1. At 10 °C and 1.306 mPa s, what whole-number value in µm²/s does Stokes-Einstein give for the translational diffusion of the stretch 262-316, with Rh from the Kirkwood sum over Cα pairs?
2. Nearest 10 degrees, 0 to 90: what angle lies between the long axis of helix 309-321 and the longest principal axis of the chain (Cα atoms)?
3. May I ask for the angle, rounded to the nearest 10°, between helix 38-51 and the longest principal axis of the chain, with both axes built from Cα atoms and the value confined to 0 to 90°?
4. Taking amide H atoms as placed 1.01 Å from N in the peptide plane, list the residues 5 or more away in sequence, or in a different chain, whose amide H sits under 5 Å from that of Leu230.
5. Zone of Arg175 (label point 7 Å along Cα→Cβ, backbone N under 14 Å): which residues in the stretch 215-250?
6. Would you please give the FRET efficiency between Lys92 and His288, computed as 1/(1 + (r/R0)^6) with r the Cβ-Cβ distance and R0 = 56 Å, to the nearest 0.05?
7. When only alpha-carbon atoms count, how far does the chain stretch along each of its three principal axes, as whole angstroms with the largest first?
8. Which one of Cys271, Gly237, Leu286 is farthest out on the positive end of the charge dipole of the stretch 159-306, using unit charges on Cβ (Lys, Arg +1; Asp, Glu -1) and the Cα centre as origin?
Amino acid sequence: MVYMLFDNPADKQNMTFLNSYETAKIRQVYPHQKCSSTKEMLAACKDIIKKSADGDTIICWYDFMAVLCWWLCKVQFKNRKIIALNILLKDKATTKNKLAKLLYKPVLISKKVQATVTSKKYGEHLNEMLGIHKRYTLLHDTYHGGYSIEYEGEVVPNSVFCGGRNGRDWEFLIRIAQTMPEVTFNCVMPKDKFEEYKENFGKNMVVKSDIPEQEFLEFMCQSQLVVTPLDTEAPAGLIAFYQAAANGKMAITSDTVTTQEYSADGRGALCGKDVEDWKNTIQYFLQHREEANAIAEKFKNFLESECSEEKYAKTLWGMLVG
């Protein structure tokens, strides 16, 4: 039997497409409520191990839950195959991150564990970071479609949008905004980040916090470009880039081992950790709208071909039968 364990029941609506392919044979398992603590994740992992039998496969949607499943199997002497989807391990000097690396390394070395990455170069980065030689399966985040809101309202001239949670470098974005007073920066950030940086917002920054998705997308559509500085090489911001492409917005983001996978070959613009680089790139694409629109269209075509639901399902099934 093959089980697919999720950490959030809200994911169910996005995963129905798996039932249209061979992956319909996978038994999807959702918790009653979102696992928002390690304790809740552990409970869900214990349940799936108890429910499964010797030699079964457990696919974990959230990579850390795959790590927990492997360690639980090890201490309980249980034989399960584990597939960790979309490894998101960051390379930071914090105590929490150092502990995470210690937990992940034996798991990824294990022959009973398969893992996917959303970018080939991130897989190489991961191996270098942990000092291992793991072979990963390239599995892009799924582009479901349905991100477009068919916006027909006004687009504010000289405006850019930055929004989301994971991996955003808000401090750096504020520095960029300070050097571009003539450009409006429309931002949506989590409440804790809003509180942390609210004293630093310039007059050209319109900042909202924790708003509904529809309002988030409308705010994005009112802006000319999507601008997303990141503070990690790990996958971050991809859904916001998908939303941008679906709504005809070009994305400018940090040059990382993950974003190179998506934005290469004229599908976006990548900037280094240099304010002038960002300023010049933003100004150029604000002034060259047709070029920006063509780049957004190219990215959307890439998502529809390389990140489709069908491709995802077939790649995942290939990991099970290969």
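1. Stokes-Einstein gives a translational diffusion coefficient of 124 µm²/s.
2. 30 degrees
3. The two axes meet at around 40 degrees.
4. Result for Leu230 returns Asp169, Ser254.
5. Under cut-off, by backbone N: 229-232.
6. Calculated value: 0.95.
7. Taking the Cα atoms of the chain, the three principal extents are 63, 43, 36 Å.
8. Positive-most Cα among the choices belongs to Leu286.
The values are calculated or read from the model by the stated rules, or taken from the named source; none is laboratory data. Since we're looking at a predicted model, the values are computed, not measured. Here Cβ is always computed from backbone atoms with ideal geometry, including for glycine, and neighbour counts include all displayed protein chains. Accessible surface areas use protein heavy atoms only, side chains included; no ligands, DNA or RNA. Shrake-Rupley method; radii C 1.70, N 1.55, O 1.52, S 1.80 Å.
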